[in-house]
Amino acid sequence: MKLYVISLAVGLLVGIIYAVLQVRSPAPPAIALIGLLGMLIGEQIVPSVKRLMAGEPVTVSWLRSECAPKISGVEAKPTLAKAAAKLDDDAA
C-alpha cells in the first residue's frame, strides 16, 4: 500500500510541475518520452552516489553493466568472467 501512496504523491508532484511549465497532461509523446528517460536516468543517480560514498569507483564499465541495462531495457552483454562463473555454476 505504501508504494501506491508514494506513486500517487510523485504523480501529484509531476502534475504540479507540468502545470507550472504549462505542459498539457498527458504530454505530447516526445515530451512524455523525454520525461520518462529523465526518470530512468535519475533512478541511476542513487546507486552511483551510494557507490561513491562507499569509496568504490564509478567506472564506464560499471555504468555499462549496471546502469545502461536499466535505462535501455536491454540486457548487458556478460563479461568473460561472468560467463565463466555461470558455466562453473551450471556444471556444479
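Could you tell me whether any residue of region 50-71 is outside any loop (DSSP other than H, G, I, E, B), touching a residue at least 24 places away in the same chain (Cβ under 8 Å) and out of contact with any Ser or Thr (no Cβ under 7 Å at 6 or more places or on another chain)? Don't jump to the end; show me each part of the working.
Looking only at region 50-71, we keep the residues that are outside any loop (DSSP other than H, G, I, E, B), and these are 50-53, 60-71.
The next check asks that each one be touching a residue at least 24 places away in the same chain (Cβ under 8 Å); those that pass are 70-71.
Next cut, out of contact with any Ser or Thr (no Cβ under 7 Å at 6 or more places or on another chain) only: 70-71.
The answer is yes, given that some residue of region 50-71 is outside any loop (DSSP other than H, G, I, E, B), touching a residue at least 24 places away in the same chain (Cβ under 8 Å) and out of contact with any Ser or Thr (no Cβ under 7 Å at 6 or more places or on another chain).
Restricting region 33-71 to residues that are under 24 Å from Gly15 (Cβ atoms), open to solvent by 70 Å² or more (accessible area, probe 1.4 Å) and among the hydrophobic types (A, V, I, L, M, F, W, C), the residue that is nearest to the chain's Cα centre (by Cα) is Ile41.
The values are calculated or read from the model by the stated rules, or taken from the named source; none is laboratory data. The structure displayed is predicted, hence computed values, not measured ones. Cβ: placed from backbone, ideal geometry, glycine included. Neighbour counts: every protein chain shown. Remember, those area values only see protein heavy atoms, side chains included, never the ligands or the DNA or RNA. Shrake-Rupley method; radii C 1.70, N 1.55, O 1.52, S 1.80 Å.
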